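A short write-up of the structure that comes next.
The values are calculated or read from the model by the stated rules, or taken from the named source; none is laboratory data. All figures in this text were calculated on a predicted structure; none of them were measured in a lab. Glycine also receives a Cβ, built like all others from the backbone with ideal geometry; neighbour counts cover every protein chain displayed.
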């Protein structure tokens with residue numbers, strides 16, 4: 001397995017992060033991997049303003065993963081504060097690199113950072129509840145469904161254009177202690 005290096009995103013990375021996230025979740029390019037949401041949503045997954053806001057925030061950051069050739073192949077958002085559950089989101093891996101172990105390594109690094117940076121007792125995330133294969137992937141890595149659901153922001157095009165009316169988020173969590 002190839003080496004993977006990490007660093008925090010800067011303002012100069014905004015466009016690359018948007019392109020990576022869009023390629024992993026929307027449109028035909030996303031179908032090269034298994035994390036596509038193209039059958040559930042049209043429109044965008046994120047945009048330049050949303051990513052720029054994440055990068056400039058004090059309580060969250062975007063973690064970037066690079067391969068041996070220094071190519072951006074993965075990213076995720078981490079949000080936290082001392083001694084409260086951390087939040088993991090906007091997770092993307094280049095579609096053609098999905099299934100190669102990159103995702104598990106990014107998730108492990110995110111968990112390590114949440115624990116060392118914030119002493120987070122727990123990592124939480126939301127996943128579209130219709131994404132059973134993705135929920136199973138997280139469960140194999142120690143995450144559990146909490147039973148909590150959160151509404152999908154229907155009508156807010158910044159998060160995509162749903163192809164169905166029953167979309168909602170399932171909340172998953174894992175103890176980091």
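What to note about this one:
- Any hit, segment 87-94, residues being surrounded by fewer than 18 Cβ atoms within 10 Å (Cβ to Cβ) and at pLDDT 90 or above: yes
- The set of residues in segment 80-112 being over 21 Å from residue 22 (Cα atoms), over 15 Å from the mean Cα position of the chain (by Cα) and not in a loop (DSSP other than H, G, I, E, B) consists of 112 alone.
- Summed over segment 27-55, residues that are over 16 Å from residue 97 (Cα atoms) and in a loop (DSSP other than H, G, I, E, B) total 10.
- Selection count where residues are modelled with pLDDT of 95 or more and in a helix (DSSP H, G or I), scope segment 157-177: 0
- The number of residues in segment 58-79 being within 18 Å of residue 36 (Cα to Cα) and outside any strand (DSSP E or B) comes to 0.
- For residue 29, the criteria (1) surrounded by 14 or more Cβ atoms within 10 Å (Cβ to Cβ); (2) within 23 Å of residue 170 (Cα to Cα); (3) out of contact with any strand residue (DSSP E or B) (no Cβ under 7 Å at 6 or more places or on another chain) hold in every case but one, which is (2).
- Some residue of segment 142-156 being surrounded by 18 or more Cβ atoms within 10 Å (Cβ to Cβ), in contact with a helix residue (DSSP H, G or I) (Cβ under 9 Å, 6 or more places away or on another chain) and modelled with pLDDT of 95 or more: yes
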